[in-house]
Structures are given as structure tokens and as C-alpha cells.
Amino acid sequence: MGKIDKLLDAIDAKDASEIKKRLNTIGTKTALKEVKDQLGIEARIMNNKGQLSKRFLEELRKAREEERIHEKAPEPKTQESKPETSTPKEPQTKLGEQIRNAQEKAIENVEFLCHDAKDLMHEQITLPAEDNSIDVIIARRGPLHWLEDARRVGHPGTVMIQLCPMEEPIPAWSNKLPHVMHYENCGRYTGAGSIHQSVENRLNQNGFMLHSGWGFDVPEIFDQPEELYKVLTWGLPADEIPAYEDVEHRLLSIFEHHAEAAGIILRHCRYLWKANII
């Protein structure tokens, strides 16, 4: 049994002394890194009081269950080769997991169809569905060009829902870093334009009306300079990224003069909208 598995067992047993012992053995940061590297789980280990966060414990418990499910999964049986079909490849995403769950439970009154529409090189797109065949369209983070084909694949009553990145403020300390590391240059920056107006304009151009929309603006906290460095250099060309050692003193100064009690705060903003085909 590995160190991470022993930690998870201690958590499930609610053995506080054993949890502390295991964390001291492998280190909380190491534990989080193991979970994130192996399972792609994003969770904070400590809350702002220096205690183990409930969210981290829950994610670890979930991680172990997922690991055990994968370990127990039977090897696929050898099947005779069949002619290739045009069925889209199932994506390795949370939506893909939901599709597999529906198939395993033999849910027959719903058919899922996934498509990667993030081709920014083309203004038009043809959705891989038959005319008047779609009841609900859900899009996440992608562009809005699919709306031009939505009326063809949908029908009166079809619901369209999309989660879009929403404009967010540039931190006051951004210009204290080298220009390449300015916040507006990193991959997570969502731009300064109004996503609300962009959505309504695109809907109107295609004969739709906005039904409703919700804006989300939540804090994302960074309590270590190394973590802030990672997010500010994400998406930049590798040969343009300054070494951490070269900018560490600037990051430490930002933490000293701009951090709140929990750390440096960046805004995480999203816009969720809904429209109907009528």
C-alpha cells in the first residue's frame, strides 16, 4: 500500500492523528501534487486557517474511489473487427464520463452527441447532427460560431446553453513584472470586451433572443509565489518565459505589498447564458 493510499485510509477512518502523521510523512504539497498529477484534480489542501480543507478531503476520497474503479475494471474482450462508422470519438472529459454512465445504466430515451467546435480558424461550422434532431445544445468555453448552424439541427423548443469566459480585471500589480508576464498576456486572461454584448449580438444575427444570463465572479487564491508564476506564464511561448529565479524577487514583492490575508487574489469570471429556438 502506497503513502497516498495510507493517507486516504486515515481520512476515511477520520483518524486525525494518523492523518497528521501521514501528511508529515509525505508533505501536504506532495500529497496534492500526487493527486493532481495522477488524476487531474484541482483542490486546495489547506484553508486560510491552516487547517485541512473539507474540499481537499472530499476530493481525496473521490480520487481513491476512482482509482479503485479503474483498478477493478476488466480488460476489454477481444472482438471481431467491424467496419468503421462515422460515430464521433468519445471525448475524455467529464461529459464523456456522463455519456458512459448513461450507457452503463441503459438509459435509452437520451442520445448524447459530442463535438469539438473550437476551430477558431473558421467563422462557420457545420454541426455533426441531422436536421431538427437536437433538443438541447450545451457548449462550454468555445466560440459562438456554432449558432449559425443551430437552427438547422434544432427545432422549436430546443434549448441552447453556453458557459463563456467573462471579462475580468487586470491586477494593479501586473506592470511590476516583465512585459511578457503582464496578466493580459497569459493564457487565462479572457479579454476586455463585453461577453454579454457579444452573445446578444451573435444571437440577434442568427434570429435568436437571449432568454436569461448569469454572471459569476469568484476569487481564485494563490498563497505561494511559485503558483502565481505558473498561472502567469501559462500559455506563453516556452522560449519567452523568464526563469522563476529571475523574477522571484518581483513576485515576493507583489506578495508583500498586494496579498490579502489568504494570498494573492485573481478574479475567476464566467458568463452562463440560455436561449431557446422558437
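Summary table below
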read-out: Residue-by-residue Karplus 3J(HN,Hα) for the range 220-231, coefficients 6.51, -1.76, 1.60, Hz, glycine and proline x; value: 10, 9, 10, 9, 9, x, 4, 5, 5, 4, 4, 6
read-out: Label-point gap, in nm, between Asn101 and Glu226 - each point 7 angstrom along Cα→Cβ; value: 3.4
read-out: Extension reserve of the Val136-Val159 stretch, reckoned as 0.36 nm per residue once the Cα distance is removed; value: 7.8 nm
read-out: Cut-off under 5 Å, modelled amide H: who pairs with Ala139 long-range; value: Ile161, Gln162, Leu163
read-out: Full-stretch length increase - Gln197, Arg267 - with 0.36 nm per residue and alpha-carbon distance subtracted; value: 23.2 nm
read-out: Cα gyration tensor, the range 188-278 - rounded (a/c under 1.5), prolate or oblate; value: prolate
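No value in this document is a laboratory result; all are computed from the given coordinates. Only a predicted model underlies this, so the values are computations on that prediction, with no experimental measurement involved. Ideal geometry is used to build each Cβ from the backbone, glycine not excepted, and the neighbour counts take in all protein chains shown.
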